[in-house]
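Please read the structure below before turning to the comments.
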């Protein structure tokens with residue numbers, strides 16, 4: 001006589017929110033395989049296609065859709081907008097696209113990079129070697145520090161919004177501090193132009 005097995009696990013309640021659906025999906029999602037190598041830093045990472053192949057099926061099983069689009073801000077900055085959708089809810093993340101070269105290839109490369117990092121962040125996976133922040137906190141070279149200081153001084157002295165817009169490529173190329181100074185000056189010049 002065959003014995004019937006009974007399931008002793010409590011039935012899973014259907015998710016009531018995007019946060020619950022995402023939490024359930026995250027229990028199933030594994031970190032993507034680090035199948036690519038960065039030749040400059042000799043580090044391993046999962047490329048965008050690998051990250052998508054890892055997370056998309058699990059998110060879909062939980063009714064979560066993902067979109068990644070761009071938005072151009074008034075100051076010319078391009079933002080990657082990543083959204084997780086579930087029923088009438090969404091989680092939205094923004095990531096600045098900062099190409100090192102302002103041509104189609106530069107934007108394409110920066111967009112792929114932004115999509116990969118934004119997707120990893122919003123879903124909660126790790127797809128890169130962890131260097132404990134060493135690359136991000138490395139001291140700039142004397143030449144780079146001098147160039148950054150000169151650029152920031154030039155931005156602070158700028159009184160014309162059109163001239164400031166012409167400095168955007170250098171702001172992107174020189175990194176976050178330069179971009180922050182450039183953006184803040186743009187906001188200040190706009191506010192001054194709009195003041196009575």
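The values are calculated or read from the model by the stated rules, or taken from the named source; none is laboratory data. Here the structure is a predicted model, which means the values were calculated and not measured. Here the Cβ is made from the backbone with ideal geometry for all residues, glycine too, and neighbour counts use every protein chain on show.
For region 51-59, the criterion of being under 18 Å from the mean Cα position of the chain (by Cα), in a helix (DSSP H, G or I) and within 30 Å of residue 178 (Cβ to Cβ) is met by at least one residue.
Scan region 76-112 for residues that are assigned to a loop (DSSP other than H, G, I, E, B), surrounded by fewer than 17 Cβ atoms within 10 Å (Cβ to Cβ), at pLDDT below 90 and on the phi < 0 side of the Ramachandran plot and jot them down.
Passing the criteria: 100, 101, 102, 103.
If I ask for residues that are crowded, with 19+ Cβ neighbours inside 10 Å, within 17 Å of residue 100 (Cβ to Cβ) and without any contact (Cβ under 8 Å) to a residue 60 or more places away in the chain, which ones from region 163-194 would you list? Passing the criteria: 167, 171, 174, 178, 182.
Among helices (runs of 4 or more DSSP H) entirely within region 156-196, having at least 1 residues that are under 21 Å from the mean Cα position of the chain (by Cα) singles out 168-174, 176-194.
Total residues in region 141-152 satisfying the condition of being farther than 21 Å from residue 102 by Cβ and surrounded by 11 or more Cβ atoms within 10 Å (Cβ to Cβ): the figure is 3.
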